[in-house]
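Single-structure report; data block below.
The values are calculated or read from the model by the stated rules, or taken from the named source; none is laboratory data. Note that this is a predicted model, so its numbers are computed, not measured. All Cβ positions, glycine included, derive from the backbone under ideal geometry; neighbour counts span all protein chains shown. Protein only, heavy atoms only, side chains kept; ligands, DNA and RNA dropped before computing areas. Shrake-Rupley method; radii C 1.70, N 1.55, O 1.52, S 1.80 Å.
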Amino acid sequence: MADERQQDDEHTIETVQKQHVHAPWLVCSDIEASYPEFRLNLDFTVLQGEMVSIIGPSGCGKSTTLQLISGLMEPDGGTIRLGDEDITHKPVWERNIGLVFQDYALFPHLNVSQNIAYSLKLQRVPKNDRRQRVASLLALVGLEGYQKRKTGELSGGERQRIALARALASNPRLLLLDEPLSALDAQLRKHLRKEIRRIHEETGITTIYVTHDQEEALSLSDRILVMHDGNAEQLATPQQVYQRPGTLFAATFMGDGTVLPYEIIPKTLVSAEAGSTAFVFRQTVGEHQVFFRPENVLVHDDPSLAFPEFLPHLRFVDARILDCEYQGSRYLMECEWNGKRILAASEDKPKRSLVTLGVRLSELVEYIDGIIVDHI
Amino acid sequence: MDFSSADRYPSVGGEFGKKVIPGRTMKRTTASRNSTANAKEDILSRSRFYRTIPIPGIVVLSLIFLLPLTFTLSRGFIDDQGKFSVAAIVSDFTSPYTLRIMAFTLVQAFVSTFVSLLIGLPGAYLMATYRFPGKKIIRAICTIPFVLPTILVVLGFVIFYGNNGLLNRALMRLFSLKEPPIKLLYSFTAVILAHAFYNFPIALNLVSSFWEHMDVRCEQAAATMGAKRGRIFRTITLPRLMPAIISAASLIFLFCFTSFAIILVLGGGPQFTTIEVEIYRRARMSMDVGGAASLSLFSILITCLLLLWYSATQRALARQESFSTMAPALEKKPATRLGRFLAILYSVLAAAFVLAPLVSVVIRSFMAPVSRAGGESFSLKWYRQLFGFSAATGHMGTAADAIVHSLSIAAVVALVTIPIALTVAASVRRSRTVSSTLLELLVMLPMAVSSVIIGLGYYLIASRLGGRDIGFLLVVLAHMVIATPFVLRTVLPEYRKIPATYSQAAMTLGATPARTFWSIEVPLLRTSLVTGAMFAFAISMGEINATLTLADSKLTTLPLVMYRLINAYNYQGACALGTILILVCAIVFIGGELLKRNRHGR
């Protein structure tokens, strides 16, 4: 599913603005890691200066992927290239890949400045240069003057920034972040997410960001890699991943939505012009399904008024609202229509429990055996 | 000493076993955290550095442990003509004399364990349930016996409980009696009491620390279902505590089973002889090495069984704890008036029980008769005598020699044991492979062999080598064998507490495995290394079982000279030496504590 050609124009412009060479930087070719009950098999490329999020449910192999790239684990097969170099069998301590751990792993016996300077000391950087570098890194993460603090005195957010500064100290060729915000509360996460993006843009360092939070992945990354069961489901821009998910798994994982059999289209299709050519039913082999997001569903609760949709659309008349959940900006409804469950969203609370739902034909994404069909 | 047995880490269940169905409310479970790191043997354990680092330590340990053991055991199968024979063993296991000794050994260990629990468990209850003034102090006092040299305890008992001891004198003066009211010494009771003195802190600490960290919500749940306090205790608390109690009991039983100096001196005769004492007597007094060796076989058999049993209870404890440690320990309730009264009463009694013998040793060392008619006053006479400033130390050699010997032996033992334990721990701590389990077992094995038997082995080696002046080396080696398991037990849990991510972080930052070890792990272990060194030092400083069994008359250490003085009824001299021993131990422990604190006040 890793397909860079799917990149849209918008993304290309953005990278050019950042003045980075739009070239492959990290190339994982067919890397494998086998366990008794789990097998990881990945093939993807990260471009220079790019920020890629890896997202997926627990146990899908996100962290394992980071361990393989960082060298903390050796793959059972395949190759990993970084720049022009094959690093598959290079020891972890020679790779110069920064890794920020979920628990930050700040060394408790060293103070902030010693933590950040750890890699510099290993490289025998002179003391004065070390001091300057530590100061500038602390400025970068917004913690000036923290040099002499003990790691135990820091708050969660501060630790996270120090861990980031430490990982950046040696000018790594690649930065890996393993769920760096998962231990923090919601407010702080949002703030630090922006900070991470800012630091990424200031340093221009190629970054891989592992998360299980869809919102984080969507807001932060240039591209998102959706993983499932040790495999890549899709690697694409946030917009594509949300609007045209590459697989049904990606579709249901990256937010709410309804999956219906393909045969529903001829049964419910309504076109303004009778006998329209907008839709041609195709006979296919395999399980053919359609998917749409709740916000693309029009909820019509007043039968005395005409249905306000004129483009070709699917219409579900007299759907029963089973559950209506208020989410702040919208109401999310779970409806039942002819034994099918449909998710719909509306800004207003529907006045009746029987409503008519409509979804435009153009909003449907088609899947055969869970994989997107690219022709609509 | 950390009795909380923190070296038990329930392994996290595999993350990959269960498939997670993606849903709208996907939430990560904490259980899946970091389990990827454990899924395969990590890069660190596989590195050449961590694979090779324990090798020197293992070689040294195997040599200094297995060699004397082989010497001892092989002698059990060789008769007077130097031929192979099992006659000695067979006769041992059938003769009424040895059977009686074996029976007595088991009986006294059983009774001692029972009494230790009887004294320790109420304390464990009070410690675990109540907050009261002086709790920390009483805790500290209760750990004293554990690090106390046996010979000091023996001496303390003689001085305090003896017919002419401080207790009897005080009682006689108080009630103007003619006869000493308490005739305790050289009896079964004295042995049991001394064992209880030694071991009740184990029960107290082990059980109370488990109890304290036990999740009380089970009890609360039972209470909401209408169970009364007594019933809750019987049906919920006690069953949950049982593994901890059994664990403590088996450890105490093990210690009492292999007890030596206490029986030797306080038992006072063949009537109260245990296997260990009999091994010593045969080897060193009746020169029946074969007989000693065959008895050793029996002793090792029993201790191995005990140790297996103990480790099984430890595992049970670990299993249970993995379910119950999820909740943070609740704040202890302030004591009720009755609870506070009981707690303070217990504290005072326990403190008196522990401190009285020690204090009386110190007091006695500064007392000398003023005239022949009686009456005593402060005097430094015994110290002057000991250090040879005045004559009459006789064949004992000067105490100054013994002090220097003991200090240097203990220092060497501490210095050598620490790197061995550290390097072995480095390779054992993370990997769960068969070889690392075997390795851990090998290092713990000396615990299953009593120190008298190790001493016997070195005695045999010495007599084989004949005449050469290697007494000190052998003492050092024997002490190393005895101290290493304790040091490893101190270091390994702390080692395992270091999160794997620390080393991983260091490596991603460019540190080689060797560099990771020196710059991250060793500094983080500093506290436990100091504690371990203190233990090694204290163990060596007070060791008498192996030392007495292997030493010739030229060799003097502090406990040996004390033992010889006690045997010669020179109690004041022994007291003076004992006071010095107390002082040395106190300095070492206080120094250790300071060393632990000064750099980063953790």
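Might you let me know whether segment A:333-342 holds any residue that is open to solvent by 70 Å² or more (accessible area, probe 1.4 Å) and either at positive phi or at pLDDT below 90 (or both)?
In the first step, residues of segment A:333-342 are kept if they are open to solvent by 70 Å² or more (accessible area, probe 1.4 Å); the result is A:338, A:341.
Narrowing the set further to residues that are either at positive phi or at pLDDT below 90 (or both) leaves A:338.
Looking for residues that are open to solvent by 70 Å² or more (accessible area, probe 1.4 Å) and either at positive phi or at pLDDT below 90 (or both), one finds at least one in segment A:333-342, hence yes.
With the checklist (1) touching a Pro at 6+ places or on another chain (Cβ under 9 Å); (2) within 14 Å of chain A (Cβ to nearest Cβ) in hand, flag the one item B:Thr547 doesn't pass.
Going through (1) touching a Pro at 6+ places or on another chain (Cβ under 9 Å); (2) within 14 Å of chain A (Cβ to nearest Cβ) one by one, B:Thr547 breaks only (2).
Within segment B:519-575, take every residue that is of a type in the set (Asp, Glu) and either over 24 Å from B:Val476 (Cα atoms) or open to solvent by 30 Å² or more (accessible area, probe 1.4 Å) (or both) and give me the one that is modelled with the lowest pLDDT. Quick ask: steps written out before the conclusion?
Narrowing segment B:519-575 to residues of a type in the set (Asp, Glu): B:521, B:543, B:552.
Then keep just the ones that are either over 24 Å from B:Val476 (Cα atoms) or open to solvent by 30 Å² or more (accessible area, probe 1.4 Å) (or both); that gives B:521, B:552.
Working: B:Glu521: 93, B:Asp552: 80.
Among those that are of a type in the set (Asp, Glu) and either over 24 Å from B:Val476 (Cα atoms) or open to solvent by 30 Å² or more (accessible area, probe 1.4 Å) (or both), it is B:Asp552.
From the residues in segment A:122-160 that are among the small types (Gly, Ala, Ser) and either assigned to a helix (DSSP H, G or I) or open to solvent by less than 30 Å² (accessible area, probe 1.4 Å) (or both), which one is farthest from the other protein chains (Cβ to nearest Cβ)?
Going through segment A:122-160, the residues among the small types (Gly, Ala, Ser) turn out to be A:135-136, A:139, A:142, A:145, A:152, A:155-157.
After this cut, where a residue has to be either assigned to a helix (DSSP H, G or I) or open to solvent by less than 30 Å² (accessible area, probe 1.4 Å) (or both) as well, the list is A:135-136, A:139, A:152, A:156-157.
Details: A:Ala135: 19, A:Ser136: 18, A:Ala139: 20, A:Gly152: 8, A:Gly156: 16, A:Gly157: 18 Å.
Restricting to residues being among the small types (Gly, Ala, Ser) and either assigned to a helix (DSSP H, G or I) or open to solvent by less than 30 Å² (accessible area, probe 1.4 Å) (or both), the top hit is A:Ala139.
For the list (1) touching a Pro at 6+ places or on another chain (Cβ under 9 Å); (2) open to solvent by less than 20 Å² (accessible area, probe 1.4 Å), I need the number of the one condition that B:Tyr502 fails.
For B:Tyr502, the failing item is (2).
Which of the residues belonging to segment B:576-590 are of a type in the set (Gly, Ala, Ser) and open to solvent by 10 Å² or more (accessible area, probe 1.4 Å)? Spell out how you get there, then give the answer.
Filtering segment B:576-590 down to residues of a type in the set (Gly, Ala, Ser) leaves B:576, B:578, B:586.
Listed by number, the list holds a single entry, B:Ala586.
Do the conditions hold for B:Asp469, that is, is it free of Cβ contacts under 8 Å to residues at least 40 places away in the same chain, away from every other protein chain (no Cβ under 13 Å) and closer than 18 Å to B:Val404 by Cα?
Numbers: free of Cβ contacts under 8 Å to residues at least 40 places away in the same chain: yes; away from every other protein chain (no Cβ under 13 Å): yes; closer than 18 Å to B:Val404 by Cα: yes.
Against the criterion (free of Cβ contacts under 8 Å to residues at least 40 places away in the same chain, away from every other protein chain (no Cβ under 13 Å) and closer than 18 Å to B:Val404 by Cα), B:Asp469 qualifies.
Just to be sure before I move on: is B:Ala568 of a type in the set (A, V, I, L, M, F, W, C) and either within 12 Å of chain A (Cβ to nearest Cβ) or within 24 Å of the chain's Cα centre (by Cα) (or both) in the structure I sent? Write out each step before concluding.
Values: of a type in the set (A, V, I, L, M, F, W, C): yes; either within 12 Å of chain A (Cβ to nearest Cβ) or within 24 Å of the chain's Cα centre (by Cα) (or both): no.
When the stated conditions are applied, B:Ala568 does not pass them.
Checking A:Glu309 against (1) open to solvent by 60 Å² or more (accessible area, probe 1.4 Å); (2) in a loop (DSSP other than H, G, I, E, B): exactly one of these is not met. Which one?
With (1) open to solvent by 60 Å² or more (accessible area, probe 1.4 Å); (2) in a loop (DSSP other than H, G, I, E, B) applied to A:Glu309, the lone miss is (1).
Looking only at segment B:276-290, filter to residues that are part of a helix (DSSP H, G or I) and at pLDDT below 85; which one of those is farthest from B:Ile263 (Cα to Cα)? Please lay out each step first, then the result.
So the first thing to find is which residues in segment B:276-290 are part of a helix (DSSP H, G or I), and the list is B:276-284, B:289-290.
With the extra rule that they be at pLDDT below 85, the set shrinks to B:289-290.
On the way: B:Val289: 21, B:Gly290: 22 Å.
Filtering segment B:276-290 for residues that are part of a helix (DSSP H, G or I) and at pLDDT below 85, the one farthest from B:Ile263 (Cα to Cα) comes out as B:Gly290.
Scan segment B:36-51 for residues that are open to solvent by less than 70 Å² (accessible area, probe 1.4 Å) and modelled with pLDDT of 80 or more and jot them down. Give the steps one after another, and end with the answer.
In the first step, residues of segment B:36-51 are kept if they are open to solvent by less than 70 Å² (accessible area, probe 1.4 Å); the result is B:36-37, B:39-40, B:42-45, B:47, B:49-50.
The answer is B:Ser47, B:Phe49, B:Tyr50.
When B:Asp552 is evaluated against the numbered criteria (1) over 30 Å from A:Glu74 (Cβ atoms); (2) not in a loop (DSSP other than H, G, I, E, B), which criterion, by number, is the only one it fails?
Among (1) over 30 Å from A:Glu74 (Cβ atoms); (2) not in a loop (DSSP other than H, G, I, E, B), B:Asp552 violates only (2).
Restricting to segment A:48-71, name every residue that is facing chain B (nearest Cβ under 8 Å) and open to solvent by 10 Å² or more (accessible area, probe 1.4 Å).
A:Ser58, A:Gly59, A:Ser63, A:Gln67
So that you can scan it fast, the table gives a plain yes or no per residue for (1) closer than 12 Å to B:Ile262 by Cβ; (2) modelled with pLDDT of 85 or more; (3) out of contact with any helix residue (DSSP H, G or I) (no Cβ under 8 Å at 6 or more places or on another chain):
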{"position": "B:Val154", "(1), (2), (3)": "yes, yes, no"}
{"position": "B:Asn164", "(1), (2), (3)": "no, no, yes"}
{"position": "B:Leu184", "(1), (2), (3)": "no, no, no"}
{"position": "B:His195", "(1), (2), (3)": "yes, yes, no"}
{"position": "B:Tyr198", "(1), (2), (3)": "yes, yes, no"}
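A:Tyr104 passes all but one of (1) at positive phi; (2) of a type outside the set (A, V, I, L, M, F, W, C); (3) surrounded by fewer than 19 Cβ atoms within 10 Å (Cβ to Cβ); which number fails?
Among (1) at positive phi; (2) of a type outside the set (A, V, I, L, M, F, W, C); (3) surrounded by fewer than 19 Cβ atoms within 10 Å (Cβ to Cβ), the lone unmet condition for A:Tyr104 is (3).
What is the number of the single condition among (1) more than 10 Å from every other protein chain (Cβ to nearest Cβ); (2) in contact (Cβ under 8 Å) with a residue 60 or more places away in the chain that B:Trp518 does not meet?
For B:Trp518, the exception is condition (2).
Look at segment A:40-71 and say how many of its residues are part of a loop (DSSP other than H, G, I, E, B) and either touching a helix residue (DSSP H, G or I) at 6+ places or on another chain (Cβ under 8 Å) or within 21 Å of A:Ser182 (Cβ to Cβ) (or both).
To start, the set of residues in segment A:40-71 that are part of a loop (DSSP other than H, G, I, E, B) comprises A:48-50, A:56-61, A:71.
Subsequent filtering for residues that are either touching a helix residue (DSSP H, G or I) at 6+ places or on another chain (Cβ under 8 Å) or within 21 Å of A:Ser182 (Cβ to Cβ) (or both) retains A:49-50, A:56-61, A:71.
Total meeting the criteria: 9.
Given the structure, is B:Ile363 modelled with pLDDT of 85 or more and under 26 Å from B:Ala399 (Cα atoms)? Quick ask: steps written out before the conclusion?
On the way: modelled with pLDDT of 85 or more: yes; under 26 Å from B:Ala399 (Cα atoms): yes.
Yes, satisfied.
Looking at A:Thr203 and the list (1) within 14 Å of chain B (Cβ to nearest Cβ); (2) out of contact with any Pro (no Cβ under 8 Å at 6 or more places or on another chain); (3) open to solvent by 40 Å² or more (accessible area, probe 1.4 Å), which single condition is not satisfied?
(1)
Which residues, taken from segment A:72-99, are more than 10 Å from chain B (Cβ to nearest Cβ), in a strand (DSSP E or B) and of a type in the set (Gly, Ala, Ser)?
Scanning segment A:72-99 gives A:Gly77, A:Gly78.
Right, B:His213: touching a residue at least 12 places away in the same chain (Cβ under 8 Å), out of contact with any Leu (no Cβ under 9 Å at 6 or more places or on another chain) and either of a type in the set (Phe, Trp, Tyr) or open to solvent by less than 50 Å² (accessible area, probe 1.4 Å) (or both) or not? Steps first, please.
On the way: touching a residue at least 12 places away in the same chain (Cβ under 8 Å): yes; out of contact with any Leu (no Cβ under 9 Å at 6 or more places or on another chain): yes; either of a type in the set (Phe, Trp, Tyr) or open to solvent by less than 50 Å² (accessible area, probe 1.4 Å) (or both): no.
Answer is no for this residue.
Report yes if B:Ala249 is more than 13 Å from B:Thr113 (Cβ to Cβ) and aliphatic (A, V, I, L, M), otherwise no. Spell out how you get there, then give the answer.
Details: more than 13 Å from B:Thr113 (Cβ to Cβ): no; aliphatic (A, V, I, L, M): yes.
It is false that B:Ala249 is more than 13 Å from B:Thr113 (Cβ to Cβ) and aliphatic (A, V, I, L, M).
Give the residue that is farthest from the chain's Cα centre (by Cα), with candidates limited to residues of segment B:173-194 that are of a type in the set (A, V, I, L, M) and open to solvent by 30 Å² or more (accessible area, probe 1.4 Å).
Here is the first cut: in segment B:173-194, the ones of a type in the set (A, V, I, L, M) are B:174, B:177, B:182, B:184-185, B:190-194.
Adding the requirement that they be open to solvent by 30 Å² or more (accessible area, probe 1.4 Å) leaves B:174, B:177, B:182, B:193.
Details: B:Leu174: 38, B:Leu177: 40, B:Ile182: 30, B:Leu193: 18 Å.
Checked segment B:173-194; the qualifying residue farthest from the chain's Cα centre (by Cα) is B:Leu177.
Return the residues of segment A:161-196 that are free of Cβ contacts under 8 Å to residues at least 40 places away in the same chain, within 14 Å of another protein chain (Cβ to nearest Cβ) and buried (at least 22 other Cβ atoms within 10 Å of the Cβ); say none if nothing qualifies.
A:Leu181 - this is the single residue of segment A:161-196 that is free of Cβ contacts under 8 Å to residues at least 40 places away in the same chain, within 14 Å of another protein chain (Cβ to nearest Cβ) and buried (at least 22 other Cβ atoms within 10 Å of the Cβ).
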